[in-house]
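The values are calculated or read from the model by the stated rules, or taken from the named source; none is laboratory data. None of these values were measured; they are calculated from a predicted model. Cβ placement follows ideal geometry from the backbone for every residue including glycine, while neighbour counts extend to all protein chains displayed.
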Amino acid sequence: MNGLFLVAFIGILVALAGAGYFMLQRRKSQPNAMARALAVRVGLSIALFLFILLAWSQGWIEPRGVPVGR
């Protein structure tokens with residue numbers, strides 16, 4: 001389960017880095033590349049959030065909260 005979260009988070013970061021690359025690029029050959037990369041990032045973030053909610057509702061993961069003291 002942790003591996004799936006890690007892969008999704010890395011995908012989100014790669015999409016964000018791609019959008020930054022396209023933003024800094026001076027070429028006009030791909031005018032919608034940055035918007036597409038940001039749309040992929042938002043889509044992956046929403047999918048990850050929904051998957052976390054599904055996993056919690058199915059009992060695959062449990063919230064642990066913040067421990068108080070030692």
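Here are a few things to note about the model shown:
- The stretch 1-50, subset of a type outside the set (D, E, K, R) and part of a loop (DSSP other than H, G, I, E, B), residue modelled with the lowest pLDDT: SER29
- Matching residues, the stretch 21-40, being surrounded by fewer than 14 Cβ atoms within 10 Å (Cβ to Cβ) and either farther than 29 Å from LEU53 by Cβ or under 13 Å from the mean Cα position of the chain (by Cα) (or both): TYR21, MET23, LEU24, GLN25, ARG26, ARG27, LYS28, SER29, GLN30, PRO31, ASN32, ALA39
- Residue within the stretch 11-18 that is out of contact with any His (no Cβ under 7 Å at 6 or more places or on another chain) and loosely packed, with under 11 Cβ neighbours inside 10 Å present: no
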